[in-house]
Every structure is written in C-alpha cells, then in structure tokens.
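Bear in mind that the values in this text are calculations on the coordinates, not laboratory data. Everything quoted here is computed from the prediction, not taken from an experiment. Neighbour counts run over all protein chains shown; Cβ positions are idealised from the backbone, glycine included.
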Amino acid sequence: MPDDGAGVTSRASQRRKRGSGVPEVYDFRQPMTLTREHGRALEMALQTFARQWGTLLSSRLGALTTVTLDTVAMRTYDEYIQSLPQVTTAIVMQVEPSRTPAVLQIPVEATMTLIDCLLGGPATTLEVPFRELTEIEWRLMKDMLDLAANELAYGFQSIMKIAFEVRSAK
C-alpha cells in the first residue's frame, strides 16, 4: 500500500484500495458472522417465504399447512452436509443473476407426504422406505418446487432482485 512519504498510509489510498474492485479472499472454513442487520434482513425474507409457501401448500394440497423458519445461521459446507439426515431429498437450484447453485433439502417423509397429498391422499406423514422418485413423482415435486422458488424470490425482493430455478433432485 502506498504511503505519504512519512511511512504512514493515507486514508485516501486505503479507501481507493477498498473500492478498487480487487476481490478479497474468503475462507469458507471459518465463515464470518452475519451482521445484525444482514441477519435480520435474511430472517425477514425467509419468514415471508415461509408464510407464502405455507399458504401455497394449503391451497394446493387442500390441507391446513404451516411453514415456519427455525433459525438463520452461517455454517461451513461440511457442517451443513454433516447435519443432514442419512436419507433426504436434495434439490439443486440455480440462483440468478449470479448463476450459482444452491441446495434445498427436504426430508424424505415430507417429500412423500407432499406427493401423496398431490395425488389425493390423506395429509398424514408417510413412513416410506427410501427409493428414487418416479418420473411422475419428480414432475409433481418439480411443479411444487417451481412455485416455491417463485415464493422464495418474492421473499427476497426487499433485499435484491433474485430468481431461483429448479434444476434436479437427488
């Protein structure tokens, strides 16, 4: 960093460097904590999504549904993967405009119950052993997830214009 001749770095040169567009290295193994205002903005966006998706599910399934936000927390990718159940439904989404991937995890029981309700079954939790989704089940799930992606984008519109596109399920 340039100095002013007396060995002291000037504030103007510090400001120039910060705004120079040079990316800063980010260590994903030790994530920074969210600032209070960023955490609150994410919380509000996700609470809006939860309310909207709960309403959407209730109207589509014909059963009273409530979706709630548990917590907003930063974790490393490894910590997140370790926290997942042994068997789960993982949906890969693309986030626009950045074109980055995102993973949405839904418990298998919730996935199978949702599909059963969409096919006219009762709104009870199903204890179904793990298996791949059939093509019809995937299509039903993708249609619901496309609607959910729109609600997620709606929840985030107060923060920034963002869109989610469902790519695949595993």
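The figures follow:
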| read-out | value |
| --- | --- |
| Peptide ranges 95-106, 139-150 listed from the most packed, as the mean C-beta count within 10 angstrom indicates | 139-150, 95-106 |
| Neighbour net charge for L147 - beta-carbon separation under 15 angstrom, K R +1, D E -1 | 0 |
| Gyration tensor (alpha-carbon) shape descriptor, the stretch 75-144, a/c threshold 1.5 | oblate |
| For the stretch 53-62, Karplus couplings with θ = phi - 60° (6.51, -1.76, 1.60), whole Hz, Gly/Pro x | 5, x, 5, 4, 4, 4, 6, 6, 8, x |
| Prolate/oblate/rounded call for the stretch 119-170, Cα gyration tensor, a/c under 1.5 rounded | prolate |
| Whole-Hz ³J(HN,Hα) from phi, Karplus 6.51 cos²θ - 1.76 cosθ + 1.60, for the stretch 71-77, glycine and proline x | 7, 10, 8, 8, 9, 6, 4 |
| Prolate/oblate/rounded label for the stretch 24-170 (Cα gyration tensor, a/c 1.5) | prolate |
